[in-house]
Amino acid sequence: MSSLDFLKPFYSLLPQVANPDKRLGFKEKIKWTGIILVLYFILAEVSLFGLSPTAVDQFAQLRSVMAGSFGTILTLGIGPIVTASIVMQLLVGGKLINLDLSSAEDKAAFQGTQKLLAMLFTLFEAAVLVLTGSLPPISGDYTLILILQMLLGGILIIYMDEVVSKWGFGSGIGLFIAAGVAQTIIVGTFNFLPTAATSAPAGRIPAFIYSLMTGQPNFSLLIPVLSTIIVFLVVVYAESMRVEIPLSYGGVKGARSKYPLRFVYASNMPVILVSALFLNVQLFAGLFQSAGFPILGEVSQGQAISGIAYYLSTPSSVSVLFTDPLKVLIYAIVFIALSIGFALLWVEISGIGPKQVAQQLSNMGVQVPGFRSSKVQFQRIMNKYIPTITVLGGAFVGLLAFAADLTGALGGGTGVLLTVGVVYRLYEEIAKEQLMDVNPMLRRFLGDE
């Protein structure tokens, strides 16, 4: 019996996105992914009715990671979903909730509880932002209206993510992050419209060309563009790194293959989780300050200026290295350490730990040349590799995200890191889907009917 059985009556009250009754083809998945993507961009343009023009984006530095659009009904972005994921992972990982995620029933309970928590966090975060003054209404009469608009936007994001996960490619979370960051990069690079303060174009490349035409070349305008390209290349290289374990098929003489273990084994999910955790630190700092207990630090005009919240706010410029090196050092240590911790936790929760992989290989009837074909032997081999690459991969993505943010890369260094990872995996999934559409025999061999 699951320790979450008492919540089952609540699951039935939540609308569900039905699972497809048959395997979806490539065109069908592309259609649903495209529909949700277009809907996301439309909703990101729906402004909050009743919001004061004095509102300040408290989470501007994390905006690309949270896939939100400030001042719209998608202001919260994927923040509540990721926060709910953090809570559930900590509860299950810490054995405070007894769930066996290899069981279909327990996995359904986990997902149902996570969805319920995501909705509660959506309401909570919306209320905190409005009531603490981060998103002030034009008058007190609009307080509840603002909260309800963000609640609606948050719930739509939850169900859009579910539609993509079941009917499209990848996950909605990754898709929304990639869409938002790609939009920021394109606009930030090529926008030729002039800024409000000057007659120079807002985009980096048009602004650089403008500086050349005025006889005052400003090469610093190209630094964010170059930083974005460098981060892109480094992440693509890291995504291609892997450890390959040789396999042989006992029943087929001479048949051999390799089982790949990615260097970035936990993908980029640890960085998303750490960023969401830091966002909640900023959120609670504002909440405690408004209650008269600034135990997490003080917030002024939407920016943390002291305490824990200040040291865990993203340094987005190399200049911070010289003005406040202690902040950069503390942020780097905490960010990388938490990335490693969340990587280890994510591997176990998502079912790709040594025990689960050993079971999978054992069921396939393969063996590692020179070793007996048994679950115990597979687990010993996986224990040599998976924990090590999980730690190294988690530390790598944490360090890369931190360093990329310092460079001021367009879309945020962390955003670029996540986007490349999302697009790389999306490409692999689409390529696999096309291959199976062309080769029905391969689909049957893989058990993907």
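Apply 1/(1 + (r/R0)^6) to the Cβ-Cβ distance of residue 198 and residue 156, taking R0 = 41 Å, and write down the FRET efficiency to the nearest 0.05.
Numbers: r = 37 Å, r/R0 = 0.91.
FRET efficiency, residue 198 to residue 156: 0.65.
How high is the relative contact order of segment 252-343? Use alpha-carbon pairs under 8 Å, at least six apart in sequence, and give a whole percent.
Details: 73 pairs, mean separation 23.7, N = 92.
Computed over segment 252-343, the figure is 26 percent.
Under 17 Å Cα to Cα from residue 22, which lysines show up? Leave out anything in the same chain fewer than 8 places away.
Cross-link targets: 31, 166.
Run the Debye formula on the Cα coordinates of segment 265-309, all scatterers equal and no solvent, and tell me log10 I(q)/I(0) at q = 0.20, 0.26, 0.29, 0.31 1/Å.
-0.59, -0.81, -0.94, -1.02
What percent does the relative contact order of segment 76-220 come to when contacts are Cα pairs within less than 8 Å and at least six residues apart? Working shown, then result.
Working: 125 pairs, mean separation 24.0, N = 145.
Relative contact order of segment 76-220: 17 percent.
Per 0.36 nm of contour for each residue apart, how much would the distance between residue 213 and residue 243 grow if the chain were fully extended, relative to their Cα-Cα spacing?
Values: separation 30, 0.36 × 30 = 10.80 nm, distance 5.09 nm.
Using 0.36 nm per residue and subtracting the Cα-Cα distance, I get 5.7 nm.
Give, in nm to one decimal, the length gained when the segment between residue 6 and residue 324 is fully stretched (0.36 nm per residue of separation minus the Cα-Cα distance).
On the way: separation 318, 0.36 × 318 = 114.48 nm, distance 4.96 nm.
In short, 109.5 nm is gained.
Relative contact order for the chain using alpha-carbon pairs under 8 Å, separation at least 6, rounded to a whole percent? Walk me through the numbers on the way to the answer.
Numbers: 675 pairs, mean separation 87.0, N = 449.
It rounds to 19 percent for the chain.
Amide H to amide H, which residues 5 or more places from residue 261 or on other chains are under 5 Å from it, using H placed in the peptide plane?
HN-HN under 5 Å from residue 261: 243, 244, 245.
Work out which chymotrypsin sites (Phe, Trp or Tyr not before Pro) in the chain are exposed loop sites (DSSP not H, G, I, E or B, at most 13 other Cβ within 10 Å) and give the longest gap free of them. Mind showing how you got there, number by number?
On the way: sites that count: 49, 192, 371.
The longest uninterrupted stretch comes out as 193-370.
Taking R0 as 25 Å, what FRET efficiency do you get between residue 21 and residue 104 from their Cβ-Cβ distance, rounded to the nearest 0.05? If you can, show how the numbers build up before the last one.
Details: r = 17 Å, r/R0 = 0.69.
Plugging the Cβ-Cβ distance into 1/(1 + (r/R0)^6) gives 0.90.
Hey, what do the phi angles of segment 310-317 turn into as Karplus ³J(HN,Hα) couplings, whole Hz, using 6.51/-1.76/1.60 and θ = phi - 60°, x for Gly and Pro?
5, 6, 9, 8, 5, x, 10, 8
First check a/c for segment 81-238, with a ≥ b ≥ c the square roots of the eigenvalues of its C-alpha gyration tensor; if it is under 1.5, answer rounded, and if not, answer prolate when a/b is larger than b/c or oblate otherwise. Numbers along the way, then the final one.
Values: a/c = 3.02, a/b = 1.63, b/c = 1.85.
It is oblate, given that a/c is not under 1.5 and a/b is not larger than b/c.
Measuring from label point to label point, each 7 Å out along Cα→Cβ, what is the residue 428 to residue 399 span in nm?
2.2
Return the distance in nm (one decimal) between the two label points of a simple spin-label model at residue 47 and residue 317, each offset 7 Å from Cα along Cα→Cβ.
Modelled inter-label distance: 2.8 nm.
Could you give the size of the charge dipole of the chain about its Cα centre, using +1 on the Cβ of each K and R and -1 on the Cβ of each D and E, expressed in debye and rounded to the nearest 20? Intermediate values should be presented prior to the final figure.
Working: 27 positive and 24 negative charges, 323 e Å.
Dipole magnitude for the chain comes out near 1540 debye.
Residue 72's amide H: which non-local residues (gap 5+, or another chain) put their own amide H closer than 5 Å, with H modeled 1.01 Å from N in plane and none for Pro or chain starts?
Hits under the 5 Å cutoff: 48.
Counting each DSSP H run of 4 or more residues in the chain as -39500 (n - 2.57), what helix-only mean residue ellipticity at 222 nm follows after dividing by all residues, to the nearest 500 deg cm²/dmol? Could you put the intermediate results ahead of the total?
Details: 17 runs with 273 residues, N = 449.
It lands at -20000 deg cm²/dmol.
Indicate the gyration tensor shape class of the chain (rounded, prolate or oblate), computed on the Cα atoms with a ≥ b ≥ c the square roots of the eigenvalues: a/c under 1.5 is rounded; otherwise a/b larger than b/c is prolate and the rest oblate.
Details: a/c = 1.66, a/b = 1.40, b/c = 1.19.
Verdict is prolate for the chain.
Values quoted throughout were computed directly from the atomic coordinates according to the rules given, and no laboratory measurement underlies them. Predicted, not measured: the structure shown is a model, and the values here were computed from it. In this analysis, Cβ positions are derived from the backbone assuming ideal geometry, glycine residues included, and neighbour counts consider all displayed protein chains.
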